[in-house]
Amino acid sequence: MKFIIKKEQLNLLTMMRRAGYSPSSRNDSFIRRAGNGAFPRFHIYIDDDNDSWQLKIHLDQKGACYTGHTAHSGDYDGDVLQAEQERIINLLK
């Protein structure tokens, strides 16, 4: 699921931390746990589009099943992601 947030006074890291996300240790993305364990978790990739940020969000249900692979079980649309998108947008207004 994709959505756009206009750049404001905040930098990317501050914006994502305000929304409850932490930088991922593997790449230039951000995560927020949706439960008590490591999974499920919301995972956001962000593209810089000059005057706005394009956020691509999905819900990782579990980690990679095979050593050396990044494939995982994830949801890319649905009510949970829609609610998370709305939560982020409302927090950053």
Test: N11 is on the phi > 0 side of the Ramachandran plot, surrounded by fewer than 17 Cβ atoms within 10 Å (Cβ to Cβ) and of a type in the set (S, T, N, Q): no
Pick from segment 18-33, criterion assigned to a loop (DSSP other than H, G, I, E, B), hydroxyl-bearing (S, T, Y) and modelled with pLDDT of 90 or more, ranking: farthest from I88 (Cα to Cα): S24
Failed item in (1) touching a Ser or Thr at 6+ places or on another chain (Cβ under 6 Å); (2) surrounded by 15 or more Cβ atoms within 10 Å (Cβ to Cβ); (3) among the charged types (D, E, K, R), with D60 passing the rest: (1)
Those residues of segment 18-51 which are within 15 Å of R87 (Cβ to Cβ) and loosely packed, with under 14 Cβ neighbours inside 10 Å, in sequence order: R18
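Conditions (1) in contact with a helix residue (DSSP H, G or I) (Cβ under 6 Å, 6 or more places away or on another chain); (2) of a type in the set (D, E, K, R); (3) not in a loop (DSSP other than H, G, I, E, B), marked per residue:
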position	(1), (2), (3)
F3	yes, no, yes
M16	no, no, yes
G37	no, no, no
I46	no, no, yes
L55	no, no, yes
K62	no, yes, no
A83	no, no, yes
N90	no, no, yes
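The values are calculated or read from the model by the stated rules, or taken from the named source; none is laboratory data. These numbers were taken from a predicted model, which means no experiment stands behind them. Here Cβ is always computed from backbone atoms with ideal geometry, including for glycine, and neighbour counts include all displayed protein chains.
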